[in-house]
Amino acid sequence: MERRTIFPGTWFPILLVLPQLALTAVFFLWPAGQAIWSSTTRADPFGENTFFVGLENFSDLFSDPLYIDSITRTLVFCAAVALLSMSVALLLAVCADREIRGRGWYRVMLIWPYAVAPAMAAVLWLLLMHPQVGLVGAWLNHSGIAWDYKLNDAQAMGMVIAASAWKQVSYNFIFFLAGLQSIPKAVIEAARMDGAKGWFRFRSVVLPLLMPTVFFLIVVNLVYAAFDTFGTIQALTQGGPGKATETLVVKVYRDGVVNLDIGASSAESVVLMIGVIALTAMQFRFLGKRGEK
Amino acid sequence: MATLILDDIRKSFGKTAVLHGVDLALHSGEMLVIVGASGCGKSTLLRLVAGLEEPTSGRILIDDTDVTNRDPSQRDIAMVFQNYALYPHMSVFDNMAYGLRIRKLSDAEIKRRVDEAAGLLELGHLLDRKPAQLSGGQRQRVAMGRAIVREPKLFLFDEPLSNLDATLRVTMRAEIRRLQRRMGVTSLYVTHDQVEAMTLGDRLLVLHKGVPVQLATPMEVFHRPANTYVAGFIGAPAMNLLAGKLAQGGRAVALEIGETIVFADGPRAGADGMALTIGIRPEHLRLADDGFTLPVDLVEPLGSETVVIGKLESGTLLTIKLAHSHVTDSFLRVRIPPEHLHVFDAGSGLRLEPGAG
Amino acid sequence: MTRRIDWPAHIILSLGVALFVLPIWLVLSGSTLTAAEISRGELSLIPRLSGLGVYASVLRDGSPGAGPVWRMLLVSGAMALTIAVGKIVISILSAYAITFFRFPFRMAAFWTIFITLMLPVEVRIIPTYSVMSDLGLINTFPGMTIPLIASATATLLFRQTFLVVPDELVEAARMDGAGPWRFLKDILIPVSSSNLAALFVILFVYGWNQYLWPLLVATTPELDTIVIGIVKMIGTETATEWNRVMATAVLALLPPVAVVVSMQRWFVRGLTDGEK
């Protein structure tokens, strides 16, 4: 896509684009380059010398069962968050699309949660579900249910999944609603006249037309679950108990900042980079399809 | 108040040649309409005069000054765009004032000019509104107002009426004509609508695939089209074009449909059997008892007149425009009056005048 | 025509709204209790009006583990505003240059900027940190904000908008005598104002909600953002004053929610249109 009408001049636009290019070079390209470089090095036990080890860090990573665990864990986590968050959002969007009173009010009330930070979502859930002082958590324990996500692996995973999905519902809701509203009314009316009712109509007419939005959101949600949930997990469980909630991005932080294993952490970063690039490329393919209605 | 001269203007986009040598000289105060089908290059020609594109070769002179290499803002011209191109975030007043502000006119002078133009165009009560709050016709007038306040040497109109509905088009057409006459500014107007061309232009330039085909007054173009393209383009319903051969030593034409007609205005040069294209306008065909038989294919009653499309055995269609409003017969007896014939060379399409040797 | 009330829709939507409002409400109520009551696990659905004094207290003094809340709110606000404004300015200039001009390496510049989309901060934390360290920007306000200003989302969004600005508008402006700078200032930016508004909301929320990056870069409490402050307050949960934490949480949510709600229309339009 290009513009037909443009302005003449060469130096002026170069000057305009320089700030962003400079920032990109310093804060993206250089660090990315460093990460790639570090991923091929290893430090000796005293941290004094680093030497080139080629792809050893990577082969070590992929032969490390803990890393593989982390990958599986992340995949499960991402799938769960995406599924949960999108289904709730879709249900709400379908309801909000109907001609009911107070539609506008419902929408505002479901849009504001977009403002909640991932870390804040964690804090809120913590304040509610904490085994001793959490308003709901304490009540659970008093009622005889053994609730402590700080000790129980599954409960911890459940918590971070719930908190992460909870935060993302609003974003998905906005897009699903927009997607539903962009389906021409005439199509729905034609379906009604053809006798298609309720769930059947949804499945055979609405859902197929919503698919571009669905695919787009799947990718966005996966990226969100893989990366933006760092704050949520870190604030709630720090990746624990043990490694129960240590997703790939948390692992990068732990290995790099807490354990200071730069080589391994950089290698993990590079793996993540490749993953993001693949996902973002997909996102843009679907983005194009969304625009074609 | 200015003259415009185009000297052998040619334009190519990459390898595609769009204009093939256009020469034009506008008198001061004249409204010249460039008319032609879509893609004939008329908009390109206008944009060259505007300075929005550069010609591949040729010169443009405004008041005898060569402006070919000048930026649009330095040619002292104003343009009315097809889609009005109003600044959506500015009020009507600001839209008209913008160009003047850039040229650093005083606030008082700007106000004077805008108020005057607003008066001329009946926009006085709309000066504070934004374009989104205006109707199509009002927006069009604002676009014209923006051009008027510049008090330019030349007005350029790029199909300004094509986005209006039919009734509005008729009203606005008359307004444009009235305004241009009153202000006396030399104007170049581009359209594909031949009715607009006929009613607005002091002279017409008919463009066909980038080549100027006829430059003449509307009446001249209508009564003496220079080639078959112009003949078929101007006038609605379109002129009937029939194949025929020169006969009787150049004095008549033997039409393919079987009739032979002697020229009323004199013989044409050429050998018998030379291929010709004969034109006859639908309104000139006559009903006559001694005419040939034309089976009726379609009748279109328009109220004031009736258009009948007939189909001959050969499949050739003939369109007749009749003043009668009631046609029920399945065939008509039609005569082609020789005094209304247009004779063209079949190969080149050019008009053949009598006696040319 | 009688309107039948669509009960299922209302019920589901109300449950949805409750899902999000209830936690906030509970936290709000909890903030008005005393720390002791909370430790005992006493719930309350009604905020105690007498307990509202905790807000003033927490703004002034903070809570063990973090400094005064008003300062943290200020830091978060400054950060969010700087990031939002900085990103918008840089992105407009870049998008303008790339769509409205032709210059050598133009597409290379575009793709370079595009790449940044693929590199969220979580993926480049360590090396970016060492770059910051080399530049001496650790524990400084510019250090917290500048690396977050460069990414491409805003640039792409503006590019999309700029690409579809009608040709005639540009030509009319040229004929009026407007040069490229004037065009940008007088016409392009005003015409893109709804995109600008939407982006401001998105970027403000993004900036306010940052966690990982400020965590790394800020090493002294003066530069703690409110989000980081709260997590610090919770700390090891041994001496946490839960009611104060809850009050701070409510305060932390107010500004971004206010921004989203007040600019809600543009925000939704910008978010969904911009992705086309």
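The table below lists the values:
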item: Centroid-to-centroid separation of the stretch A:26-101 and the stretch B:143-168 [C-alpha atoms, Å]; result: 59
item: Cross-link partners of B:LYS209 among aspartates and glutamates (Cα-Cα below 17 Å; sequence separation of 8 or more within a chain); result: B:ASP8, B:ASP23, B:ASP193
item: For the stretch C:263-270, 3J(HN,Hα) per residue [Karplus equation, 6.51 cos²θ - 1.76 cosθ + 1.60, θ = phi - 60°, Hz, x = Gly/Pro]; result: 10, 4, 4, 4, 4, 5, 4, x
item: Rounded if a/c under 1.5, otherwise prolate or oblate - chain C, Cα gyration tensor axes; result: oblate
item: Charged-residue dipole, Cβ positions (Lys, Arg, Asp, Glu), chain B about Cα centre, Debye nearest 20; result: 940
item: Within-14-Å neighbourhood charge of C:THR140 [Cβ basis; K, R +1; D, E -1]; result: -3
item: Gyration tensor (alpha-carbon) shape descriptor, chain A, a/c threshold 1.5; result: oblate
item: Net charge of neighbours whose Cβ lies under 11 Å from the Cβ of B:ILE261, counting Lys and Arg as +1 and Asp and Glu as -1; result: 0
item: Which of A:THR280, A:LEU236, A:VAL252, positive extreme of dipole for the stretch A:158-293 (C-beta unit charges); result: A:THR280
item: Listed pairs B:LYS11/B:LYS153; A:LYS251/C:LYS87; B:LYS130/C:LYS185; B:LYS15/B:LYS42; C:LYS87/C:LYS185; B:LYS111/C:LYS185 exceeding 26 Å between Cα atoms; result: A:LYS251/C:LYS87
item: Range in chain C, longest, excluding exposed GluC sites (Glu not before Pro) [loop by DSSP; at most 15 other beta-carbon atoms within 10 Å]; result: C:43-236
item: Cβ-based net charge around C:ASP167, under 9 Å, with every Lys or Arg adding one and every Asp or Glu removing one; result: 0
item: The protein assembly as shown - charge dipole about Cα centre, Lys and Arg +1 at Cβ, Asp and Glu -1, debye rounded to 20; result: 1340
item: Ellipsoid equivalent to chain B - semi-axes via the Cα gyration tensor, in Å; result: 46, 25, 15
item: Global size of the protein assembly as shown as Cα Rg and Dmax, reported in angstrom; result: 37.6, 123
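Just so you know, all these numbers are worked out from the coordinates, no wet-lab data involved. Small disclaimer: the values here were computed from a predicted structure and weren't measured. Don't worry about glycine lacking a Cβ; one is built from the backbone with ideal geometry, like all the others, and counts go over all protein chains shown.
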